[in-house]
Amino acid sequence: MVTENKTLVVIFGGSGDLAHRKLYPALFQLYLKGSLNKHFAVIGTARRPWTHEFFREGVIENLSDGTLEQRQAFAEHFYYQSHDVQDSEHYVALKNVIDKLDDKYQIGGNRLFYMAMAPSLFGTIAEHLRSEHLLSHDGYNRLIIEKPFGHDYESALALNNAIVNTFDEDQVFRIDHYLGKEMVQNIPCIRFANPFLNAVWNRDYIDNIQITLAESLGVEERGGYYETSGALRDMVQNHIMQIVAMLAFPRPEKYDDRAINQAKSQVFASLPVYTPEQVQAKFVRGQYGEDASGKQAAYRNEDKIDANSTVETFVAGEIDLDMPQWQGVPFYVRTGKRLPAKKTRIDVVFKADQSELFTEQPASPVLTIEVEPDLGIELTLNGKEIGTSSLIKVDQLQYLLNEDQQKQVPDAYERLLLEAMLGKQGNFAQWEGMTGSWHFVDAIRKAWSQEKDIDFPNYQSGTMGPKAADELLSKTGRHWIYQG
Ligand code: NAD
């Protein structure tokens, strides 16, 4: 049976894109499933002077599923409060609304504060929540924040300091929506619930691990933001690093949030800080040009992009973890815009048989974890040709979720919002981990900033990135398993 969660959600940035496209539909799914029922309320805040009715109409417009009655009944729990986060007096008004709704819906003081707005305002909001007494004394007070969490270690630290004055680490839920994906959450289970896999999950049997986060879209209307970010900060520092940690963390004592986060922090602590020479040898950056037909514009010709921009839309690199289990096992990571298709997948490449038992060299066995758009697992193994021949051929075992199963998979935001209501920290980024990840990324950024001749654009839209990304592996006799 599903238990109802009593909670009051305050969304700062309630008129924004994230709230409408992701948060309200995710809350609706929780409502349809009974995780939210009678004792909940959502307050959307933003500067515009909207009425509750207008706000509710906007919420309903973004909902699919359920009946009209269900959508309306759900939206009845939504309230709008015009609020400038810089204005102290507005917090007094907001506190009144919170108190009234807490009373009306008998919520018992449980509060989730969701920061769906620019990170530069997180500190201001957190401070006011404390100084203007918006935190309850009865239930929980939790803060949910979004990326980008800083643009380097220093700014991330400043942001964190602004928050920890008000909230303890276990009250802060840093969303990394890749940690809300079904197959990413499945990784510990695949690794530890199958002892035969756990037994070979180390440097003795694994040759390398490849992580690809490919996007087919270009920068679209996010040009302003992207110019300040680039692929390294936008994708590697957070999502890719979280996936590396999920794949590499040592077996925890217990299968619970605290133990998993502690195990993951060992991975983040073992991230290298590369010298400029190492960056040059181990990391490749790229920027998309137009496509073969000339229909898709080059990055430099996109809206709000500098005509001489040196911002990278592609990164590929090798991460060498300083952990006994992973000595000598490169984690190859790759992400980029305008690649042939949207795809997130992980290829765990096992060592090939090096003995001379067979006349031909068997291929490297590969365990593939398909994260999106397909979800599932593939195992590529060596087998014998059918018949009297003893030649080796490659066989593939495949388990992919079918359409019905895919429909049962909750959206990342639905899952993470529920976990925040339950106080489960296991699928949220921890500050300790972010520290290692920023130091790693800052070293690459710094090395790149010293390079003079940047030959951008260096890959055509619709291709798998610059040639150098392939050379990164081919120089060691390896290749990317996923070829696009
Ligand atoms: P948005 O510009 O659509 O919305 C920003 C919201 O903040 C609006 O409601 C705006 O009215 C409000 N706001 C701005 N200044 C304010 C002030 N002084 N007082 C009160 N309200 C104010 O942005 P978004 O796309 O919804 O993104 C919000 C945050 O989430 C950003 O930090 C973004 O980087 C992050 N994020 C967004 C997405 C997404 O899919 N949109 C994904 C990941 C992370």
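Applying the criterion of being more than 26 Å from the chain's Cα centre (by Cα) and within 11 Å of the ligand (Cβ to nearest atom) to the residues of the range 1-49, the residue that is farthest from Gly109 (Cα to Cα) is Arg48.
Would you call Gly465 touching a residue at least 24 places away in the same chain (Cβ under 8 Å), crowded, with 17+ Cβ neighbours inside 10 Å and not in a helix (DSSP H, G or I)? So Gly465 passes the test. Cβ separations smaller than 7 Å between residues 6+ apart or across chains give the following pairs from the range 7-18 residues that are more than 19 Å from Met421 (Cα to Cα) and free of Cβ contacts under 8 Å to residues at least 60 places away in the same chain to residues that are in a strand (DSSP E or B) and within 12 Å of the ligand (Cβ to nearest atom): Ser15/Gly44; Ser15/Ala46. Could you check, for the range 131-143, whether at least one of its residues is in the same structural domain as Gln106 (by TED's automatic domain parsing), among the acidic types (Asp, Glu), surrounded by 15 or more Cβ atoms within 10 Å (Cβ to Cβ) and not in a helix (DSSP H, G or I)? Looking through the range 131-143, at least one residue is in the same structural domain as Gln106 (by TED's automatic domain parsing), among the acidic types (Asp, Glu), surrounded by 15 or more Cβ atoms within 10 Å (Cβ to Cβ) and not in a helix (DSSP H, G or I).
Only one entry of His77, His90, His52 meets the criterion of being surrounded by fewer than 21 Cβ atoms within 10 Å (Cβ to Cβ), free of Cβ contacts under 8 Å to residues at least 60 places away in the same chain and under 21 Å from Tyr105 (Cα atoms), and that entry is His52. Report yes if some residue within the range 257-267 is surrounded by fewer than 15 Cβ atoms within 10 Å (Cβ to Cβ), out of contact with any strand residue (DSSP E or B) (no Cβ under 6 Å at 6 or more places or on another chain) and acidic (Asp, Glu); otherwise report no. Scanning the range 257-267, I find no residue that is surrounded by fewer than 15 Cβ atoms within 10 Å (Cβ to Cβ), out of contact with any strand residue (DSSP E or B) (no Cβ under 6 Å at 6 or more places or on another chain) and acidic (Asp, Glu), so the answer is no.
Residues are listed down the side, and each one gets a yes or a no for (1) assigned by TED's automatic domain parsing to the domain that holds Leu339; (2) more than 25 Å from the chain's Cα centre (by Cα):
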| residue | (1), (2) |
| --- | --- |
| Leu417 | yes, no |
| Ala429 | yes, no |
| Arg445 | yes, no |
| Gln460 | yes, yes |
| Ile481 | no, no |
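In the range 93-127, the qualifying residues are those that are surrounded by fewer than 21 Cβ atoms within 10 Å (Cβ to Cβ), in contact (Cβ under 8 Å) with a residue 12 or more places away in the chain and over 28 Å from Ala158 (Cα atoms), and the one that is nearest to the chain's Cα centre (by Cα) is Gly109. Taken over the range 163-183, the residue count meeting the criterion of being of a type in the set (A, V, I, L, M), in a helix (DSSP H, G or I) and crowded, with 18+ Cβ neighbours inside 10 Å is 3.
Can you find, within the range 270-316, the residue that is surrounded by the most Cβ atoms within 10 Å (Cβ to Cβ) among those that are part of a loop (DSSP other than H, G, I, E, B) and acidic (Asp, Glu)? Working first, answer last.
Going residue by residue through the range 270-316, those that are part of a loop (DSSP other than H, G, I, E, B) are 270-275, 287, 292-298, 302-313.
Then drop every residue that is not acidic (Asp, Glu), which leaves 302-303, 306, 312.
Details: Glu302: 20, Asp303: 11, Asp306: 11, Glu312: 28.
That would be Glu312.
Quick test for you: out of Gly433, Gly383, pick the one residue that is small (Gly, Ala, Ser) and part of a helix (DSSP H, G or I).
On the way: Gly383 fails: part of a helix (DSSP H, G or I).
Only one candidate passes the filter, namely Gly433.
The conditions of being modelled with pLDDT under 95, touching a Lys or Arg at 6+ places or on another chain (Cβ under 9 Å) and in the same structural domain as Leu197 (by TED's automatic domain parsing) are not met by Glu372.
Matching residues to (1) among the charged types (D, E, K, R); (2) within 14 Å of the ligand (Cβ to nearest atom):
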| position | (1), (2) |
| --- | --- |
| Ala93 | no, yes |
| Gln106 | no, no |
| Ser120 | no, yes |
| His128 | no, yes |
| Ser136 | no, no |
| Gly139 | no, no |
| Ala158 | no, no |
| Arg191 | yes, no |
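The values are calculated or read from the model by the stated rules, or taken from the named source; none is laboratory data. Computed from a prediction, not measured in an experiment: that's the story for all the values here. So basically every Cβ, Gly included, is an ideal-geometry build from the backbone, and we count neighbours across all protein chains shown.
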